[in-house]
């Protein structure tokens, strides 16, 4: 394979699109979202909102959304039975969030701000993913929130008369999305809400994983007119009742998706520019460019975007990836093409994602000939002298498919099973990668 060279702009950030979608649905008035990402995760969230009666129009060609918000009044679920009377509408308002952890967590908090009874369910894998920490937080705000199976996972049942004012403590050890969901829903509460994050000590022990995503949430809320007071990552004071203001919101390109193309330059000794990203991006995953710099790449930032130029061979790194755990699925595959042992630490929460990502990576990298030590919170990866061709299992995990595809740019014979799982976040990934490779071979 010749060095990969070229320029591209990935679709809009899934994380920003989903946050803007929730906030716009709660806003007073009609919002226009531009340059959105249209991943499977976003479409699942969009359909969940439509099921409730929130009006969302999508123009896929222009990558835009038009959302009429509910002005803080979440459409009601099924009314509970009155004492002494028959239940006129038995059951719950049913919401399906498919395989999307983001939609499940955000919608659970969103629905808690409504009235009535709601039931949230998803895919078989979603029924294995924990959400008890969020349910416990909602209970402190007056919501009856329970896991049907009693295992802390979906299906979930909510019975609510709206979020009460008060103080809630939420764990941040598994996912920052519990905090983000509560933050975005809190302005619709009856009075001010204080959210404390359990165990986030000045020493850095325990506390909140993926902190940049909390910063992203606060920035989106601010853009829609609600300012949250905070004390680091330990306390957040949300004004309520407060209305988000509808607005026009432009979504940044997805930094997570950009990582694969920057990695393509890194492993082939090429040069790739991703347009639309800046050092001041709201997305923590933009820092993956710094990881590539530490591995020997040249990294240039400009008004246009970020450009990575790969070296003759990458060098290994030892790195704490807690602030950008999704990027482990980009780093670990290219580590088998680096010189030396790469050690990835402080990402235990990856075991609770679309798959047990640490176990999956250890298995598939070993299939390619690497020696991998699987630790409770990370991986130690020793590259083989020669990477073996193999068929890679994806575990229905979009990031496994995209990360391993980059290895295939250097190693003939890499095949990706179930490659269509990329639709969860980036349906056009292989088309964009092929265009980039095609332009490089034409040069």
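The values are calculated or read from the model by the stated rules, or taken from the named source; none is laboratory data. Since we're looking at a predicted model, the values are computed, not measured. Positions of Cβ are generated from backbone atoms using ideal geometry, with glycine treated the same way; all protein chains shown enter the neighbour counts.
One table, with the values for the structure above:
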| item | result |
| --- | --- |
| Failed item in (1) more than 29 Å from residue 66 (Cα to Cα); (2) modelled with pLDDT of 95 or more; (3) not in a helix (DSSP H, G or I), with residue 322 passing the rest | (2) |
| Residue that is nearest to residue 119 (Cα to Cα), among those in region 57-72 that are without any contact (Cβ under 8 Å) to a residue 40 or more places away in the chain and surrounded by fewer than 16 Cβ atoms within 10 Å (Cβ to Cβ) | 57 |
| Test result for residue 403, surrounded by 15 or more Cβ atoms within 10 Å (Cβ to Cβ), over 15 Å from residue 264 (Cα atoms) and modelled with pLDDT of 95 or more | no |
| Residues (over 25 Å from residue 161 (Cβ atoms) and assigned to a helix (DSSP H, G or I)) located in region 112-142 | 126, 127, 128 |
| Residue satisfying condition, being in contact with a helix residue (DSSP H, G or I) (Cβ under 6 Å, 6 or more places away or on another chain) and within 22 Å of residue 337 (Cα to Cα), within set 310, 296, 269, 284 | 310 |
| Of the criteria (1) within 24 Å of the chain's Cα centre (by Cα); (2) farther than 19 Å from residue 412 by Cβ, which one residue 342 fails | (1) |
| Answer from 145, 103, 173, 109 - the residue that is outside any strand (DSSP E or B) and more than 20 Å from residue 349 (Cα to Cα) | 109 |
| Failed item, numbered, when residue 355 is tested on (1) closer than 19 Å to residue 324 by Cα; (2) in a loop (DSSP other than H, G, I, E, B); (3) out of contact with any helix residue (DSSP H, G or I) (no Cβ under 8 Å at 6 or more places or on another chain) | (3) |
| Unique residue being out of contact with any strand residue (DSSP E or B) (no Cβ under 9 Å at 6 or more places or on another chain) and farther than 23 Å from residue 141 by Cα when the list is 96, 18 | 18 |
| Residues of region 250-266 that turn out to be buried (at least 23 other Cβ atoms within 10 Å of the Cβ), touching a helix residue (DSSP H, G or I) at 6+ places or on another chain (Cβ under 8 Å) and over 15 Å from residue 299 (Cβ atoms), as a count | 5 |
| So residue 37, is it over 21 Å from residue 126 (Cβ atoms), in contact with a helix residue (DSSP H, G or I) (Cβ under 7 Å, 6 or more places away or on another chain) and crowded, with 22+ Cβ neighbours inside 10 Å | no |
| Residue satisfying all of: in region 380-400; part of a loop (DSSP other than H, G, I, E, B) and in contact with a helix residue (DSSP H, G or I) (Cβ under 9 Å, 6 or more places away or on another chain); surrounded by the fewest Cβ atoms within 10 Å (Cβ to Cβ) among these | 388 |
| Residues satisfying the stated conditions in region 225-235, i.e. touching a helix residue (DSSP H, G or I) at 6+ places or on another chain (Cβ under 6 Å) and under 22 Å from residue 164 (Cα atoms) | 226, 228 |
| Neighbours by Cβ (under 6 Å, 6+ apart or cross-chain): first from region 183-195, not assigned by TED's automatic domain parsing to the domain that holds residue 171; second part of a helix (DSSP H, G or I) | none |
| Output for region 113-171, where each listed residue is under 19 Å from the mean Cα position of the chain (by Cα), surrounded by fewer than 19 Cβ atoms within 10 Å (Cβ to Cβ) and in contact (Cβ under 8 Å) with a residue 60 or more places away in the chain | 125, 130 |
| Every residue from region 301-313 that is over 16 Å from residue 9 (Cα atoms) and touching a strand residue (DSSP E or B) at 6+ places or on another chain (Cβ under 7 Å) | 309, 313 |
| Check on residue 242, assigned by TED's automatic domain parsing to the domain that holds residue 380 and in contact (Cβ under 8 Å) with a residue 24 or more places away in the chain | no |
| Complete set of residues in region 183-222 that are surrounded by fewer than 20 Cβ atoms within 10 Å (Cβ to Cβ), modelled with pLDDT of 95 or more and part of a loop (DSSP other than H, G, I, E, B) | 190, 191, 192 |
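Rundown of residues vs (1) surrounded by fewer than 22 Cβ atoms within 10 Å (Cβ to Cβ); (2) under 28 Å from residue 277 (Cβ atoms); (3) without any contact (Cβ under 8 Å) to a residue 12 or more places away in the chain, yes/no style:
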| residue | (1), (2), (3) |
| --- | --- |
| 312 | yes, yes, no |
| 319 | yes, yes, no |
| 336 | no, yes, no |
| 345 | yes, yes, no |
| 355 | yes, yes, no |
| 366 | yes, no, yes |
| 371 | yes, no, no |
| 378 | no, yes, no |
